[in-house]
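Chemist: To start, I am sharing the structure in question, which I have written as structure tokens.
The values are calculated or read from the model by the stated rules, or taken from the named source; none is laboratory data. This is a predicted model, so every value here is computed, not measured. Every residue, glycine among them, receives a Cβ derived from its backbone with ideal geometry; neighbour counts consider all protein chains shown.
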Amino acid sequence: MSNDTYSDSDGERRRFVPRTAGLRRWQRDWERWSAGVEVTEGLRRWSLDPVLAAHCGSAVGLLAACGRDRAVAVAVADRRLAALIGHARAGDRAAARVVLERVMPALTVRAAERAGHADPAAMTGAGGGSAFGEVLVELVGAAWLVICTFPLDRRPRKIAANVVRDAVYRVFGYRPRMDRCTVYLDLLPEVPAGLDGRPVAGRGRGGASAELLDVLVEGRDGGVEPAHLRLLAELTLTGRSQAQVAARVGITDRGVRLRRDAAVRAVRAAVLPAAGSAPGESVAVPVPGGSAGVAA
């Protein structure tokens, strides 16, 4: 791990050890701010929020409770981050500042990657340090905007990761999930892969296939059984027919249809709460054997 990231050791989970000048300035600014009047008033306000009340003794303690301390479960940290983002969306700049500090380690890593360096600590030259610093400034600015407009109703899970992802998108543009990742071994365990690690069978990577894979990954994150996801992936992303799946598994076509219907119901139940659909708004869930998806 880089020396420019937050330590994962038990004794230093909250300690940041910066090596570049820009990160040292950022850390000094945070240490100053976290002991100042603005955050003190913020902690007083947030202590009236039942989700945050128990963690408003200090900015450092609140930061740890929001997931900087990796012993805190993601789902628990999400509830606290959601509360802070709710305040930030209402104009509370101090709340936005705490959330921004929460995602700084990941922003630092993304800035290093985009600047062409795997390790920010290695950027000692003026050119490399300047490139890294410029990218980090862009990402920090984008992250601030993301935090102040984050759609909690639609994306209540993995908030820190999603803030970082959205900031990267704002600066560098969107890349479909199927281009960002290699083959999904947990979803597509039997699909042959090419030299680039992506599936070689079935539909292309873009368009509807990428959208379907996004839905399946959302279902996985929502706790859908892997068997359900693999069946839907086999029938949609790899282009296999129900008859082919039935022959492979050793059941009838009707048995495959029943399993497919159960899988669709499971994915729909997992995805719809996360999507926060308004009345009349639809969410596409993959239904093999017809259109790419069904509006639930």
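Chemist: Quick check, is Arg89 under 18 Å from the mean Cα position of the chain (by Cα), closer than 15 Å to Asn162 by Cβ and in the same structural domain as Arg154 (by TED's automatic domain parsing)?
Modeler: No: the conditions fail for Arg89.
Chemist: Next question. Starting from segment 142-171, keep only residues that are part of a loop (DSSP other than H, G, I, E, B), then list their pairs with residues that are surrounded by fewer than 22 Cβ atoms within 10 Å (Cβ to Cβ) and polar (S, T, N, Q) whose Cβ atoms are within a distance under 7 Å, requiring at least 6 positions of separation or different chains.
Modeler: Matching pairs, first to second residue: Arg155/Asn162.
Chemist: Can I ask one more? Please verify whether segment 179-195 includes one or more residues that are modelled with pLDDT of 75 or more and crowded, with 19+ Cβ neighbours inside 10 Å.
Modeler: Our first condition is that a residue be modelled with pLDDT of 75 or more; within segment 179-195, this holds for none.
There is no residue in segment 179-195 that is modelled with pLDDT of 75 or more and crowded, with 19+ Cβ neighbours inside 10 Å.
Chemist: Let me ask something else about it. Please go through segment 219-253 and pick out each residue that is closer than 16 Å to Ala269 by Cα and buried (at least 20 other Cβ atoms within 10 Å of the Cβ).
Modeler: Gly219, Val224, His228, Leu229, Leu232
Chemist: Among the residues of segment 30-71, write down those that are without any contact (Cβ under 8 Å) to a residue 40 or more places away in the chain, of a type in the set (D, E, K, R) and surrounded by 12 or more Cβ atoms within 10 Å (Cβ to Cβ).
Modeler: Hits for segment 30-71 are Glu31, Asp49.
Chemist: Hey, which of the helices (runs of 4 or more DSSP H) in segment 1-117, taking only ones fully inside, have at least 3 residues that are at pLDDT below 95 and touching a Pro at 6+ places or on another chain (Cβ under 8 Å)? Explain how you work it out, then say what you get.
Modeler: Details: elements: 21-33, 37-46, 59-63, 74-89, 93-114.
Qualifying helices (runs of 4 or more DSSP H): 21-33, 93-114.
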